[in-house]
1. Going by the structure shown, is ASP63 over 14 Å from the mean Cα position of the chain (by Cα) and assigned to a helix (DSSP H, G or I)?
2. Mind listing whichever residues of region 180-216 are crowded, with 18+ Cβ neighbours inside 10 Å and free of Cβ contacts under 8 Å to residues at least 12 places away in the same chain?
3. Any idea how many residues of region 30-43 are touching an Asp or Glu at 6+ places or on another chain (Cβ under 8 Å) and in a strand (DSSP E or B)?
4. Quick one: is LYS55 of a type in the set (Lys, Arg), farther than 30 Å from VAL198 by Cα, part of a helix (DSSP H, G or I) and more than 13 Å from the ligand (Cβ to nearest atom)?
5. Do we find a residue being more than 25 Å from VAL217 (Cα to Cα), in a helix (DSSP H, G or I) and either in contact (Cβ under 8 Å) with a residue 60 or more places away in the chain or within 13 Å of the ligand (Cβ to nearest atom) (or both) anywhere in region 71-83?
6. For the subset of region 119-148 comprising residues that are of a type in the set (A, V, I, L, M, F, W, C) and closer than 21 Å to ILE4 by Cα, which member is nearest to the ligand (Cβ to nearest atom)?
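The values are calculated or read from the model by the stated rules, or taken from the named source; none is laboratory data. This structure is a prediction, so every number in the text was calculated from the model and none was measured. Note that we place each Cβ from the backbone using ideal geometry, even for glycine, and neighbour counts take in every protein chain shown.
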Amino acid sequence: MKVILVTGASSGIGLQVANYLAQKGHRVYGISRTKIHEKNVKGIQADVTHYEQLKQAYQDIYDVEGRIDVVINNAGFGISGAIEDTSLKDAHELMNVNFMGVFHSTKAALPFMRESGGGKIINMSSVASRLSIPFQAFYSSSKAAINAFSEALATEVSPFHIQVCSVMPGDIKTGFTKNRRKNEVDSPCYKKRVDKSVGVMEDDERNGMDPEVAAKVIYKLVQQRRMPIYKTIGFKYKVFVLLHKLLPARFAHAVVGAIYGFKKD
Ligand SMILES: NC(=O)c1ccc[n+]([C@@H]2O[C@H](COP(=O)([O-])OP(=O)(O)OC[C@H]3O[C@@H](n4cnc5c(N)ncnc54)[C@H](OP(=O)(O)O)[C@@H]3O)[C@@H](O)[C@H]2O)c1
């Protein structure tokens, strides 16, 4: 039985992961702004953009449990629209939740994980970290930042027997689609392509994988002796990531352009 913290546990992937790990016998704490009331998951209300809230929450958990074994940094949301039309506020908020939130949670957890003699940090990235999606530049950038952060962190904390994995799911059916914040204004010079591109993305998400697929992958990561540094979720997306690695950047870019429809204008 491990003591596991999941951020963004009130919906979608985080809720499924928290319940799945709890059903498997782990002690799970679910952190989100909306407090959860699940039978087997202990809900904690905190905002990942507030480091002090997480620090206090993790201290409280450590005081009760005597250790923290696994932290799953999952909280996140999306914004969409042209870079030129993106408000400074939305861009800052996105980076603050998706990237700084991972930093805050990691910084708050590490002293306790070192005290516990080791553990695992699982950061929720996305396939969009590798295939940067047009009109979702800030989301893609926040996830690419998580990958870079995770790689550096893995080296820094390996002497303390703490492993780090950046998980890159493909499209998954969750509240993410409805929670995506769209630019307030789309300039006429972008509007048609924004609508087409975001429309393709929303369709893919609505027809995406069940969050249980992610829960099973994360359970396996928690259980296995040695985690990989990257884990892609979904066969199709593994092929995309591999092609992106193998193809020259110009071709990969053209493929992403074709998928999101903007060559057809
Ligand atoms: N769905 C996909 O296709 C997909 C694909 C790749 C990666 N991902 C990533 O998977 C993660 C989970 O997304 P999801 O699809 O499960 O979306 P979701 O259903 O919208 O869930 C997002 C979760 O993040 C929490 N959250 C948002 N802002 C927060 C904050 N400031 N502090 C604390 N918690 C916060 C939300 O809880 P509250 O609102 O209650 O705070 C909610 O529990 C995200 O990082 C997302 O980028 C999703």
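1. yes
2. Hits for region 180-216: nothing passes.
3. Counting residues in region 30-43 that are touching an Asp or Glu at 6+ places or on another chain (Cβ under 8 Å) and in a strand (DSSP E or B) gives 1.
4. Against the criterion (of a type in the set (Lys, Arg), farther than 30 Å from VAL198 by Cα, part of a helix (DSSP H, G or I) and more than 13 Å from the ligand (Cβ to nearest atom)), LYS55 qualifies.
5. no
6. Step one: of region 119-148, the residues of a type in the set (A, V, I, L, M, F, W, C) are 121-122, 124, 127-128, 131, 133, 135, 137-138, 144-146, 148.
Those left that are additionally closer than 21 Å to ILE4 by Cα: 121-122, 124, 146.
Values: ILE121: 14, ILE122: 11, MET124: 4, ILE146: 9 Å.
Within region 119-148, the match that is nearest to the ligand (Cβ to nearest atom) is MET124.
Yes or no, residue by residue, for (1) of a type in the set (D, E, K, R); (2) in contact with a Phe, Trp or Tyr (Cβ under 7 Å, 6 or more places away or on another chain); (3) modelled with pLDDT of 95 or more:
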position: LEU153; (1), (2), (3): no, no, yes
position: VAL157; (1), (2), (3): no, no, yes
position: ASN179; (1), (2), (3): no, yes, yes
position: LYS196; (1), (2), (3): yes, yes, no
position: GLY199; (1), (2), (3): no, no, no
position: ALA215; (1), (2), (3): no, yes, yes
position: LYS220; (1), (2), (3): yes, no, yes
position: LYS263; (1), (2), (3): yes, no, no
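Residue by residue, here is whether (1) assigned to a strand (DSSP E or B); (2) acidic (Asp, Glu); (3) in contact with a Cys (Cβ under 9 Å, 6 or more places away or on another chain) holds:
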{"residue": "PRO111", "(1), (2), (3)": "no, no, no"}
{"residue": "ILE133", "(1), (2), (3)": "no, no, no"}
{"residue": "ILE146", "(1), (2), (3)": "no, no, no"}
{"residue": "ALA154", "(1), (2), (3)": "no, no, yes"}
{"residue": "LYS192", "(1), (2), (3)": "no, no, no"}
{"residue": "LYS196", "(1), (2), (3)": "no, no, no"}
{"residue": "VAL200", "(1), (2), (3)": "no, no, no"}
{"residue": "ASP203", "(1), (2), (3)": "no, yes, no"}
